[in-house]
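Following: one structure in structure tokens, then a few remarks.
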Amino acid sequence: MNTPVYLHGLRLPAWLEAPRDAAGLTDISIAGGRIAGLLPSALHAPQEAWQAAGALALPALVDAHTHLDKTFTRARLGDVPPGLLNAIQAMMRDQSVWTETDVRERAGQGLQWAWEAGVGRLRTHCDWREPTGRVPMAWPVLLELAEQWRGRIDIDCVNLAPLPYYASRDEAWRLARRIARDADYACLGAFVHTSNWQADALGHLVRAAADTGLRLDLHVDEELAPEAVGLTTVARLARETGMQGRIVCGHACALAAMPRDRALRILDDVADAGIRLVCLPATNLLLQDARTGHTPRMRGLTLVQEARERGIPVLLASDNVQDPFCASGSYDPLDALGLGALAAQLGDVFDDWSQAVCRRDWLDAGAGAPLRAGDAADLIVLPSSSRAGFPSRAWPRLVLRRGVFVSSVSADMPREAPYPRTPADHIH
């Protein structure tokens, strides 16, 4: 769509550092589907302007850690005992009945939900337990979906292999080269846990990624074991191999169980190594300190506030959606943000912590902060929410893609319909 669009009176979060008027509002002009300019809200906007009337707005959302291969399997699994390792066993049993059609339909539904929520960037992990030389059935399906959704949602796929798969140096490099064939969409990954800890295997993994030019995305220390050394070892290896800025570590729950001084020293090393952290509030709260008949006393979250104080990019994400690891979920990063804000007692959620679900450059170093002139005009508007209560009342929301409202909030609004003049025009 090439029709110029002018959005008048948006309230953007402070972290965007956009020009604002005295009331803190910003106008955005759009041409050819891209942002032509951001400027303080004008007293007299063009007659054809879309009147935002101070509605909250954010760049397109980032869901930095999901599992599309597992999604929507919970209803068919029956009873699953509590805890991470029990969820893994249940998932392995269910994988025996997976087909390409099954994975494609479930993962496609997840992507549709993400699209409707306003997600523009998504990373999914894919279980990888096949013998050497074989590829999981779900892997090419996810790559195919990544290609089909290109231009709507940018999707990365990560092979989630148990750490011992990298115990052999030769096998580690062979797997890395296999993943590198899909480099447009792929990152090298592993599940790093005290139950499968092998220091040599982790070294092979990081060095194989460095040699093949791959990014790393690891499940690390997803447990409340204070003796866990996965994260601190990854930080050391990142510096030794020149992988600074190319590693994302998800979970890191063990930091919450360690003596504070040790945990903070590890975070200092993580900051020095340029590692990004992803916190998964729903799954971490559900699976950590989980026992039948026991109210959990440990929250299971990594130290997000202390990490941010050290300049470590921290993202919050959906993780598991309606599978044995988490029976709920929606592929809406604002749900993860809302839960994380309560569980981690985060302050200033809209003006500061909203970047934890919007910053592409926090997922991939060098991507650039969003909503600059020349960027694709992808953003969401939340006409019913307020700065003080954010992200409460995050629905209905208006999703703008390439300068066109494509939101499905109202059933009678067709895709790529003309943009509404006001939020109320759309809602009603």
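A few comments on the model shown:
- Listed by first and then second residue, the pairs linking a residue in segment 94-115 that is among the polar types (S, T, N, Q) to a residue that is open to solvent by 50 Å² or more (accessible area, probe 1.4 Å), with Cβ atoms under 8 Å apart and 6 or more places separating them unless they lie on different chains, are T99/M137.
- Segment 351-366 - residue that is of a type outside the set (D, E) and part of a helix (DSSP H, G or I) and, of those, most open to solvent (accessible area, probe 1.4 Å): R360
- Test: residue in segment 97-118 that is modelled with pLDDT of 90 or more, at positive phi, of a type outside the set (K, R) and not in a helix (DSSP H, G or I): yes
- From R291, R299, R308, R372, residue being under 24 Å from R11 (Cβ atoms) and modelled with pLDDT under 95: R372
- Scanning segment 8-36 for residues that are among the acidic types (D, E) and in a loop (DSSP other than H, G, I, E, B) turns up E17, D21.
- For E48: the one exception among (1) open to solvent by 50 Å² or more (accessible area, probe 1.4 Å); (2) of a type in the set (D, E); (3) touching a Cys at 6+ places or on another chain (Cβ under 6 Å): (3)
- Within segment 174-218, considering residues that are under 16 Å from E130 (Cα atoms) and of a type outside the set (K, R), the one farthest from the chain's Cα centre (by Cα): L175
- Taking every residue in segment 304-332 that is outside the structural domain of C358 (by the TED database) and of a type in the set (V, I, T) and pairing it with any residue that is open to solvent by 20 Å² or more (accessible area, probe 1.4 Å) and part of a loop (DSSP other than H, G, I, E, B), at least 6 positions away or on another chain, yields no pair with a Cβ-Cβ distance below 6 Å.
- Only a single item in (1) open to solvent by less than 20 Å² (accessible area, probe 1.4 Å); (2) within 29 Å of A55 (Cα to Cα); (3) assigned to a helix (DSSP H, G or I) is not met by T283, and it is number (2).
To keep it simple, each residue is scored yes or no on (1) crowded, with 24+ Cβ neighbours inside 10 Å; (2) out of contact with any His (no Cβ under 7 Å at 6 or more places or on another chain).
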position	(1), (2)
V304	yes, yes
D319	yes, no
D332	yes, yes
L339	no, yes
A343	no, yes
V349	no, yes
G368	no, yes
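- Filtered by the rule that a residue be at pLDDT below 95 and among the hydroxyl-bearing types (S, T, Y), segment 226-265 gives no residues.
- Residue in segment 381-398 that is farthest from A14 (Cα to Cα), counting only those that are among the small types (G, A, S) and open to solvent by less than 20 Å² (accessible area, probe 1.4 Å): A394
- The C-beta contact set for segment 81-93 (first residue part of a loop (DSSP other than H, G, I, E, B), second residue not small (G, A, S), distance under 8 angstrom, 6+ apart or interchain) comprises P81/T292; P82/L287; P82/R291; P82/T292; G83/L287; G83/R291.
- Residue count, segment 352-400 (criterion: charged (D, E, K, R) and closer than 23 Å to L342 by Cα): 5
- Test: residue in segment 286-293 that is touching a helix residue (DSSP H, G or I) at 6+ places or on another chain (Cβ under 6 Å), surrounded by 18 or more Cβ atoms within 10 Å (Cβ to Cβ), assigned by the TED database to the domain that holds V80 and part of a helix (DSSP H, G or I): yes
Conditions tested, residue by residue: (1) among the basic types (K, R); (2) without any contact (Cβ under 8 Å) to a residue 40 or more places away in the chain; (3) more than 30 Å from L218 (Cβ to Cβ); (4) touching a His at 6+ places or on another chain (Cβ under 6 Å).
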| residue | (1), (2), (3), (4) |
| --- | --- |
| G9 | no, no, yes, no |
| W15 | no, no, no, no |
| D21 | no, yes, yes, no |
| G37 | no, no, yes, no |
| A45 | no, yes, yes, yes |
| L68 | no, no, no, no |
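- Here R20 passes the criteria (1) at pLDDT below 95; (2) open to solvent by 30 Å² or more (accessible area, probe 1.4 Å) except the one numbered (1).
- W113 being of a type outside the set (V, I, T), assigned by the TED database to the domain that holds D156 and open to solvent by 10 Å² or more (accessible area, probe 1.4 Å): yes
- Residue match in segment 40-51 (condition: of a type in the set (F, W, Y) and closer than 18 Å to V404 by Cα): yes
The values are calculated or read from the model by the stated rules, or taken from the named source; none is laboratory data. On a predicted model such as this, the values are computed, not experimentally measured, just so you know. When we count neighbours, we look across all protein chains shown, and the Cβ atoms used for this are built from the backbone with ideal geometry, even at glycine. Surface accessibility is based on the protein's heavy atoms, side chains included, excluding ligands, DNA and RNA. Shrake-Rupley method; radii C 1.70, N 1.55, O 1.52, S 1.80 Å.
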